Amino acid sequence: MDSGLLRVVRLGVRSLLLHRLRSALTTLGVLFGTSSVIAMLAIGEGASEEAQEQIRLLGSQNVILRSVKPPDDPNQGNQRMRVVVYGLTNDDLLRIQETFPAVKEIVPLKEVSQEVRYLDRVLTPRVIAAPPDYQRTTGRMLLSGRFLSESDERQIASVAVVGYEVARHLFPLEDPLGKNVRVGGDYFTVVGVLAPRVRQSSDRGRPGADTTSEVFVPFETARKRFGDLSVRMRAGSQDIEQIELHEIILAVDSPENVEFVASASREMLGRFHEQQDYEVVVPLELLAQAAETKRIFNIVLGSIAGISLLVGGIGIMNVMLATVTERTREIGIRRALGAKRRHIVTQFLVETVVLSVGGGAMGVVLGLFIPMVVERYADMRTVVTPLAPTLAFSISALTGVVFGLYPAWRAARMDPVEALRHE
Amino acid sequence: MLDGVSRVYNMGGQSLRALDRFSFEFRRGEYWSIMGSSGSGKSTLLNILGCIDRPTEGRYLVRGEDTGRLDDDALSELRSRHLGFIFQSYNLIAQLDVLENITVPLLYQDDPPKDGWERAKHLAERVGLGSRLHHRPRELSGGQQQRVAIARALINDPAMILADEATGNLDSKTAEEILALFDELHGEGKTIVIVTHEPDVGERAQHLLRLKDGCIEEVRHQR
Ligand SMILES: Nc1ncnc2c1ncn2[C@@H]1O[C@H](COP(=O)(O)OP(=O)(O)OP(=O)(O)O)[C@@H](O)[C@H]1O
Ligand SMILES: [Mg+2]
């Protein structure tokens, strides 16, 4: 005679099947709790990973100084046309080069506002004047050809390295290498194609997300061809912007010095700039911020998960209390026939655990499915760590035990005679 | 053996003595019927004999052992091992089939016998339900349900069988079958105590005990 757990579980399942709808509805509470935990964890993890990846692309040992347009001066508000001069200057670059010993490399970048054409195809990518160091400092990969070199710089060569998106649009069929593209009024020979910057799958179906729509030309060549000042007509306003340098990337020799370089450059720029026309971006700080954001997100998530499982648990408890009352007579019979208190506790606990484990298991399936849907249709990255389903499932099973204990205890404590008299 | 047993029910400040300083001894192998008017305490007495209820005062000894000293688990084990209880209203478990209902007492024994299913099948045949092994209680007639309840009371090969109006709801032919079964069990040496309202049922037993207001009114040795 098998009086083992298997039999108890089988009997529990059978009792639950007597009230299919009720059991199914009870299970739903746990199901949604579990699946939402897994789905939210996956989305959160995906977002955090994407953020970290983007920050890492900036180079975690780099400090990036950028020009930003200062807030509008209201005194000049009604001029029809004006020239706005702002941003980092060549003088800034010189000062930095002289004073920062911990900086391994200093890479100034300058944007040129020019159209890029090949045959009848036209694009307006970011045309960036960059020194050869740029590739090493940012760790960007080449798809084919080479990056700009020292000799390009010395010879003021008319060469260009195009980003992945530019290559795709200008040369959908041909090999871009060796072709001449027109940048503004001058022809540049393509010598290299950069690899796409971000993981490709997240660009899928988003034509606007061309983070690689860039064309790089040698720094000196740009200076010669397009002038020392970058003049840009801004669409929508009649301002002409005049910026000497758009970006200066400082590659620091070790992570410990990043913070020092960051604060030193903030201080120095603060001393020489009258207005806030620059920003200092420190990927290392951003990483710390991203970690903090993730921590907060996890706390919020934990609370939501806790609440939803609590609600599911209360649902289970409610149903089990009703079941216990309904089956008072059965309890009386079993007790009269020799069932000990622990047998009754086990019987009802098994039923709640079957409910919650069933709900938890289905919740895991749904929870693994939701991130796939989100990834497919909302175009967000999701990452399901093995921990998430494990955690969610164990918590749901635990919920069954915790919220099943009280009804089971109530059942076991009944007086057999009283229970038998119950209608 | 009951020694000065009282069972007092307290309800809303009023206390009611369903059994009043009741002393009596049921010996091994005896066949007793208990009669008495409604509310005289028959069921109360049977519940105490079946260790489902405990006396408020006095002692109930089973084979010389005071049940008042036993804890809940020990009493439960006693019920599942040595007692067979037949209820007035069958009290089968709805979600279990005939065979499963019969084996319920074995589930709760500390070390259940291995041959439970064979025994249950054998008993079902003995009470004439050999062809209904996998029916649910609601698919059976009242008499058939009562017979399942009897088979269940016998599954643990109990020393004492207690029946509370086991034939109350049955037609005379079915009742007769069941009484014949009791005679047979008595012949096998089991102690039997049945509660009944029907005089002709009461008269079939070896001894008759008549209760009134929780006290003994009459003891008659019939055979
Ligand atoms: N749980 C209880 N709470 C309060 N009073 C009770 C309880 N059970 C029984 N009684 C009272 O105890 C007395 C004896 O009841 P008992 O059930 O033993 O009578 P009985 O002889 O079996 O009657 P019947 O022939 O109608 O079944 C009755 O007066 C009844 O009202
Ligand atoms: Mg009664």
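The values are calculated or read from the model by the stated rules, or taken from the named source; none is laboratory data. Keep in mind the model is a prediction, meaning the values are calculated, not measured. Using ideal geometry, Cβ is built from the backbone for each residue, glycine included, and neighbour counts are taken over all protein chains shown. Just so you know, the surface numbers come from the protein's heavy atoms only, side chains and all, with ligands and any DNA or RNA stripped out. Shrake-Rupley method; radii C 1.70, N 1.55, O 1.52, S 1.80 Å.
Being touching a helix residue (DSSP H, G or I) at 6+ places or on another chain (Cβ under 6 Å), buried (at least 19 other Cβ atoms within 10 Å of the Cβ) and more than 14 Å from every other protein chain (Cβ to nearest Cβ) is a condition met by at least one residue of the range A:371-380.
The strands (runs of 3 or more DSSP E) located wholly in the range B:1-99 that include 1 or more residues which are basic (Lys, Arg) and away from ligand 1 (no atom under 16 Å from the Cβ) occupy B:57-62. Output yes when any residue across the range B:110-128 is facing another protein chain (nearest Cβ under 7 Å) and touching a Gly at 6+ places or on another chain (Cβ under 9 Å), and no when none is. No: the range B:110-128 contains no residue that is facing another protein chain (nearest Cβ under 7 Å) and touching a Gly at 6+ places or on another chain (Cβ under 9 Å). Looking across the range B:158-183, the residues that are part of a strand (DSSP E or B) and more than 16 Å from ligand 2 (Cβ to nearest atom) come down to B:MET160, B:ILE161. A Cβ distance below 7 Å, combined with a sequence gap of six or more or placement on separate chains, defines the contacts here; from the range A:4-26, residues that are within 13 Å of chain B (Cβ to nearest Cβ) reach residues that are not in a helix (DSSP H, G or I) in the pairs A:ARG14/B:GLN95; A:SER15/B:GLN95; A:LEU18/B:GLN95.
The residues of the range A:117-173 that are polar (S, T, N, Q), closer than 15 Å to A:GLY192 by Cα, outside any helix (DSSP H, G or I) and within 32 Å of the chain's Cα centre (by Cα) amount to a single one, A:SER144. Pick from B:GLY58, B:GLY50: which is crowded, with 17+ Cβ neighbours inside 10 Å and more than 16 Å from ligand 2 (Cβ to nearest atom)? One residue alone meets the criteria, B:GLY58. Here B:ALA159 meets the list (1) buried (at least 19 other Cβ atoms within 10 Å of the Cβ); (2) within 19 Å of the chain's Cα centre (by Cα) almost entirely, failing just condition (1). Screening A:LEU355 with (1) closer than 23 Å to A:LEU6 by Cα; (2) open to solvent by 30 Å² or more (accessible area, probe 1.4 Å); (3) not small (Gly, Ala, Ser) gives one miss only, at (2). Of all residues in the range B:76-103, those satisfying the criterion of being surrounded by 22 or more Cβ atoms within 10 Å (Cβ to Cβ), aliphatic (A, V, I, L, M) and away from ligand 2 (no atom under 16 Å from the Cβ) are B:LEU83, B:LEU92, B:VAL98, B:ILE102. Comparison of A:GLU45, A:GLU49 shows that the only residue that is outside the structural domain of A:MET141 (by TED's automatic domain parsing) and open to solvent by 60 Å² or more (accessible area, probe 1.4 Å) is A:GLU49.
Evaluation of A:GLY332 against the conditions (1) free of Cβ contacts under 8 Å to residues at least 40 places away in the same chain; (2) within 12 Å of another protein chain (Cβ to nearest Cβ) shows that the sole unmet condition is (1). Residues that are assigned to a loop (DSSP other than H, G, I, E, B) and more than 10 Å from chain B (Cβ to nearest Cβ) were ranked within the range A:403-422; the one that is surrounded by the most Cβ atoms within 10 Å (Cβ to Cβ) is A:MET414.
Put simply, of A:GLY302, A:GLY400, A:GLY338, A:GLY306 the only residue that is crowded, with 18+ Cβ neighbours inside 10 Å, of a type in the set (Gly, Ala, Ser), assigned by TED's automatic domain parsing to the domain that holds A:ARG20 and assigned to a helix (DSSP H, G or I) is A:GLY400.
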